[in-house]
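Shown next, in structure tokens, is the structure this report addresses.
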Amino acid sequence: MWSGNDFAPGIMNWLRRSSQPRDSPARGRALAYLVLAAVFCILSYQLVLNHESISRWAEEQGFVVIDNVVTDGDPDPEPSEPSTYAPEKELVLAAMSSSDMTWAEDLSWPVNIYRADVQPGKADLTVPVNKGNEAMVYLTYLIDRYDSLPDVTVFLHGARYQWHNDNPLYDSVVSIQNLNLDFVREAGYVNLRCTWMIGCPAELEPAREQVLQRPKSDYERFRRWLMDTKLDSGTSGRVLEYSWHMIFGKPPQHCPDPREMYCKIYGLCNMTEFELQNQWIWRGLVLPDGWPETRG
């Protein structure tokens, strides 16, 4: 076996001999081509030898050669964990199978519509059992989405116009569109109702971090109580309705100043006393038929 260095003197002698005058120019050109081909073969062989030497050295040093590249990494590294993405906001609506929810389709919010009276598996979103009114829906969402909660979640009844919606039209769309998401994040939990009338309970909007202050098992325990209690749905749902603010970290008596809340939650600042008194008026538990076209 020969090496490139052993063969070099022979090549040089060949070049010197081939440089002497010859009778045929064609023979000279042929010799020149043969010389170039030989040099190319020698260089290629030397590169192969060097590559094999480098590979052996790299392996001895504990490195890995992948596609002729020396690395110090795992030849088959584990894929990195995908980054988690939390959407900014979502709506959770407690509806029935007969509820017309087209009003929510025009909003710029992702919407989760739970059909509470539909058996599991018969609707995209439903609850284990139709008990506890909207509280069952809210707890089911928190359990379903505990590991993928948005920044802000707004929980509402399914109908657009509700007697407890805190604006002159009693319109859920108005409340959603005017909601100050930055304040919700800052406060951790806010109530869509600012007025103190009827006990200052109702809908809730917890920020993602506030929900996670409690383990998932707490929400499962609350839902299990709703499922097992002998109380009727109206009563058990009311228990949760008056407990949400405490569940999300507020004191038992939590009725912040209405004027301040209208400003921070909805941007309705500097309200006059007249405007404050007429922002929400008691019209009974059921709005007039045909509302809001029939409002007087």
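The values are calculated or read from the model by the stated rules, or taken from the named source; none is laboratory data. Here the structure is a predicted model, which means the values were calculated and not measured. Cβ placement follows ideal geometry from the backbone for every residue including glycine, while neighbour counts extend to all protein chains displayed.
Quick notes on this one:
- Residues of the range 166-192 that are over 17 Å from residue 152 (Cβ atoms) and touching a residue at least 24 places away in the same chain (Cβ under 8 Å): 166, 167, 168, 169, 170, 171.
- Any hit, the range 175-187, residues being aromatic (Phe, Trp, Tyr), in a helix (DSSP H, G or I), modelled with pLDDT under 95 and out of contact with any Pro (no Cβ under 8 Å at 6 or more places or on another chain): yes
- Any hit, the range 205-217, residues being crowded, with 20+ Cβ neighbours inside 10 Å, in contact with an Asp or Glu (Cβ under 9 Å, 6 or more places away or on another chain), in a loop (DSSP other than H, G, I, E, B) and in contact (Cβ under 8 Å) with a residue 24 or more places away in the chain: no
- Each residue in the range 281-290 was checked for being within 14 Å of residue 258 (Cβ to Cβ) and surrounded by fewer than 10 Cβ atoms within 10 Å (Cβ to Cβ), and 0 pass.
- Taken over the range 209-249, the criterion of being closer than 17 Å to residue 154 by Cβ and either at pLDDT below 85 or touching a strand residue (DSSP E or B) at 6+ places or on another chain (Cβ under 7 Å) (or both) is satisfied by 210, 244, 245, 248.
- The number of residues in the range 147-165 being over 23 Å from residue 236 (Cα atoms) and either in contact with a Leu (Cβ under 9 Å, 6 or more places away or on another chain) or not acidic (Asp, Glu) (or both) comes to 7.
- Residue match in the range 245-266 (condition: part of a loop (DSSP other than H, G, I, E, B), surrounded by 17 or more Cβ atoms within 10 Å (Cβ to Cβ) and among the acidic types (Asp, Glu)): no
- Considering residues of the range 108-136 that are surrounded by fewer than 19 Cβ atoms within 10 Å (Cβ to Cβ) and among the β-branched types (Val, Ile, Thr) only, the residue farthest from residue 235 (Cα to Cα): 111
- Within the range 127-145, the set of residues being among the polar types (S, T, N, Q) and over 15 Å from residue 156 (Cα atoms) comprises just one member, 130.
- Any hit, the range 65-86, residues being over 26 Å from residue 208 (Cβ atoms), assigned to a strand (DSSP E or B) and either at pLDDT 95 or above or polar (S, T, N, Q) (or both): yes
- Evaluation of residue 136 against (1) within 24 Å of residue 245 (Cβ to Cβ); (2) over 24 Å from the mean Cα position of the chain (by Cα); (3) of a type outside the set (S, T, N, Q) (one fails), failing number: (2)
- Residues satisfying the stated conditions in the range 97-143, i.e. part of a loop (DSSP other than H, G, I, E, B), touching a residue at least 24 places away in the same chain (Cβ under 8 Å) and of a type in the set (A, V, I, L, M, F, W, C): 101, 107, 109, 123, 129
- Residue ID - farthest from residue 191 (Cα to Cα), chosen from residues in the range 263-280 that are of a type outside the set (A, V, I, L, M) and under 37 Å from the mean Cα position of the chain (by Cα): 270
- Filter result (in a loop (DSSP other than H, G, I, E, B) and either surrounded by 11 or more Cβ atoms within 10 Å (Cβ to Cβ) or not assigned by TED's automatic domain parsing to the domain that holds residue 163 (or both)) within the range 267-280: 267, 268, 271, 279, 280
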